[in-house]
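Below is one structure, written out as structure tokens; comments come after it.
The values are calculated or read from the model by the stated rules, or taken from the named source; none is laboratory data. Note that the structure is predicted; figures quoted are calculated from it, not measured. Note that we place each Cβ from the backbone using ideal geometry, even for glycine, and neighbour counts take in every protein chain shown. Each accessible area value is taken on the protein alone, full model and side chains, heavy atoms only, with ligands, DNA and RNA left out. Shrake-Rupley method; radii C 1.70, N 1.55, O 1.52, S 1.80 Å.
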Amino acid sequence: MNFYYYIRFPFRDEDWIKKILLGCVISIVPVLNLLSLCYYVECMKFGMAGRQSLPEWERWEDFVREGIIAFLISLGYLLIPLLLAFPLLHIPMVGVFLVSIIILAVGMIIPLAIANYLKDHYPMDAINVKEIFYMMNRVASNYIPAYFIAVFLMALGLTIVFLFPYLSFLGVFLIFYCGMIFFHFTGSLINSRI
């Protein structure tokens, strides 16, 4: 997979400015920012369908339904590190490291669980660990580096938001843009390898 292609693909869309700016504005508003996750899911669906454009901000009912399901899938998987965090954080220094590793590992599984759900829109597919690890095995060589790049850039965006408030829109743009690209890339990988 050509990472450079995916970094630039949103700019090929005629309405890229409108779509990205709307996503950034929505990302700033509490509660409404759940729609950003909805948009990421739509980007993944476009990638899985082989479409090389950005989704429109329309069909709000579908957006919200898919976004809530993706949120519940994410929440379900994040309960694992949250439950493990309490006992592990009592271990000096090592506990924080272990919790961080667990969160990163679970975070890597969540987009694949969402993608597995999107294949047939059957909620139980999101917890089909055998199928998710099969997916991971098929796409790992491209997916894992892309995941860590996305995590790094999103963390950088969050750092900009908190440390440089006058540049916070740049940080929000970086976070939204990385999410869009990563989810579309993940969908495309699944489309091409599975």
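Is it fair to say L37 is at pLDDT 90 or above, open to solvent by less than 60 Å² (accessible area, probe 1.4 Å), under 23 Å from L174 (Cα atoms) and part of a loop (DSSP other than H, G, I, E, B)? For L37, the condition - at pLDDT 90 or above, open to solvent by less than 60 Å² (accessible area, probe 1.4 Å), under 23 Å from L174 (Cα atoms) and part of a loop (DSSP other than H, G, I, E, B) - is not met.
Please find, within segment 4-30, the residue that is nearest to L54 (Cα to Cα) out of those that are open to solvent by 80 Å² or more (accessible area, probe 1.4 Å) and assigned to a loop (DSSP other than H, G, I, E, B). So the residue we want is E14.
Condition check for M1 on (1) at pLDDT below 95; (2) part of a helix (DSSP H, G or I); (3) touching a Ser or Thr at 6+ places or on another chain (Cβ under 8 Å): one failure, at (2).
Among the residues making up segment 81-117, those that are farther than 30 Å from G47 by Cβ, open to solvent by 30 Å² or more (accessible area, probe 1.4 Å) and in a helix (DSSP H, G or I) are L83, L84, F86, P87, L88, V94, V96, F97, L98. Condition first: modelled with pLDDT under 90 and among the aromatic types (F, W, Y). Now tell me which residues in segment 47-96 satisfy that. Across segment 47-96, the qualifying residues are W57, W60, F63, F86. Taking segment 118-133 only, how many residues are loosely packed, with under 15 Cβ neighbours inside 10 Å and without any contact (Cβ under 8 Å) to a residue 60 or more places away in the chain? Residues meeting the conditions: 9.
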